[in-house]
1. For 50, 88, 94, what's the fewest-to-most ordering of other Cβ within 10 Å of each Cβ?
2. What distance in nm separates the simple spin-label points at residue 104 and residue 69, each placed 7 Å from Cα in the Cβ direction?
3. How far, in nm, would the chain grow between residue 36 and residue 91 when pulled straight, counting 0.36 nm per residue and subtracting the alpha carbon separation?
């Protein structure tokens, strides 16, 4: 007996396959959805001292080092910048922000100095 030609049912395309087939037929490109924007990092100021962890200077330096959008939360108070020097890192002298950051006032019930 001679072999006979057999036909097989076509594969059912996946959703992506259908989208690609439609795109190919119409000349459109299929693009993935853009990733959701990440929430900005938050750096809280917890002391009015200049330099230690939790200080305004430390929060600004950390925000700049993050390389991304950041929020520096600053409670009400007097902040004296006492570290002298001239650099562009914020480690001494003035404060240097090198990233998109917002400085927001916030109410703080506990703060050390």
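1. Neighbour counts put them in this order, fewest first: 88, 94, 50.
2. Computed distance between label sites residue 104 and residue 69 equals 1.1 nm.
3. Taking 0.36 nm per residue and subtracting the Cα distance, the gain is 16.5 nm.
Since every read-out is calculated from the coordinates, none of them should be taken as a lab result. Not measured: the values here are computed from a predicted model. Don't worry about glycine lacking a Cβ; one is built from the backbone with ideal geometry, like all the others, and counts go over all protein chains shown.
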